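Visitor: I'd like to ask some things about the structure below.
The values are calculated or read from the model by the stated rules, or taken from the named source; none is laboratory data. Note that the coordinates shown come from a computational prediction; the quantities given were computed from them, not determined experimentally. Positions of Cβ are backbone-derived with ideal geometry, glycine not excepted, and every protein chain shown enters the neighbour counts. Surface accessibility is based on the protein's heavy atoms, side chains included, excluding ligands, DNA and RNA. Shrake-Rupley method; radii C 1.70, N 1.55, O 1.52, S 1.80 Å.
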Amino acid sequence: MRDTLPPKLLGLIPLCFFIAHFIHHINEGHPGYILWLCNLNNLLLALGVFTGWKLLIPIGILWLIPALPLWFIESWMYGDWPLTSILSHIGALTFGLLLLPR
């Protein structure tokens with residue numbers, strides 16, 4: 001069983017997802033959209049890795065449970081699938097699940 005978090009530098013992955021998607025929202029003219037839970041979970045995952053506070057990892061994943069289907073439906077309806085959005089949602093979920101203890 002794995003007890004430890006990965007090296008702290010791995011926290012840069014979800015942080016980069018967040019920053020890239022924030023830049024996308026700024027360019028689209030709606031920077032406030034970055035405050036949705038499905039985007040903030042990336043900060044939570046990064047903070048969990050950087051600080052070693054393992055509880056933040058499952059919380060970040062839990063935030064995606066209600067958000068992911070809503071994001072998918074909205075993206076499908078509008079036909080808008082920016083890469084940063086995919087990374088912020090699917091990438092964060094994958095990253096978080098890989099960090100969960102086995």
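Visitor: Considering only the stretch 70-85, state which residues are over 14 Å from the mean Cα position of the chain (by Cα) and part of a helix (DSSP H, G or I). First the steps, then the outcome.
Guide: To start, the set of residues in the stretch 70-85 that are over 14 Å from the mean Cα position of the chain (by Cα) comprises 70, 72-82.
Within the stretch 70-85, Leu70, Phe72, Ile73, Glu74, Ser75, Trp76, Met77, Tyr78 qualify.
Visitor: State all residues of the stretch 76-96 that are open to solvent by 80 Å² or more (accessible area, probe 1.4 Å) and more than 18 Å from Ile23 (Cβ to Cβ); if no residue qualifies, say none.
Guide: Here is the first cut: in the stretch 76-96, the ones open to solvent by 80 Å² or more (accessible area, probe 1.4 Å) are 76-78, 80-81, 83.
Matches in the stretch 76-96: Trp76, Met77, Tyr78.
Visitor: Suppose we keep only residues that are open to solvent by 20 Å² or more (accessible area, probe 1.4 Å) and in contact with a helix residue (DSSP H, G or I) (Cβ under 9 Å, 6 or more places away or on another chain) within the stretch 62-75. Which one would you say is modelled with the lowest pLDDT?
Guide: Residues of the stretch 62-75 that are open to solvent by 20 Å² or more (accessible area, probe 1.4 Å), as a first pass: 62-63, 65-66, 68-74.
With the extra rule that they be in contact with a helix residue (DSSP H, G or I) (Cβ under 9 Å, 6 or more places away or on another chain), the set shrinks to 62-63, 66, 68, 70-72.
On the way: Leu62: 93, Trp63: 89, Pro66: 85, Leu68: 90, Leu70: 91, Trp71: 92, Phe72: 93.
This residue is Pro66.
Visitor: Kindly provide the set of residues from the stretch 48-61 that are without any contact (Cβ under 8 Å) to a residue 12 or more places away in the chain and surrounded by 13 or more Cβ atoms within 10 Å (Cβ to Cβ), ordered by number. Steps first, please.
Guide: Start the filter on the stretch 48-61 by keeping residues that are without any contact (Cβ under 8 Å) to a residue 12 or more places away in the chain, which leaves 51, 53, 55.
Result: Trp53, single match.
Visitor: Further, regarding this structure: Quick one: how many residues across the stretch 8-47 are open to solvent by less than 40 Å² (accessible area, probe 1.4 Å), closer than 17 Å to Trp71 by Cβ and aliphatic (A, V, I, L, M)?
Guide: Total meeting the criteria: 4.
Visitor: Name the one entry in Trp53, Trp63 that is under 25 Å from Leu10 (Cα atoms) and not in a helix (DSSP H, G or I). Walk me through how you get there before you give the answer.
Guide: Working: Trp63 fails: not in a helix (DSSP H, G or I).
Exactly one of Trp53, Trp63 is under 25 Å from Leu10 (Cα atoms) and not in a helix (DSSP H, G or I), namely Trp53.
Visitor: What's the number of the only condition in (1) closer than 18 Å to His21 by Cα; (2) modelled with pLDDT under 90 that Lys54 fails to meet?
Guide: It is condition (1) that Lys54 fails.
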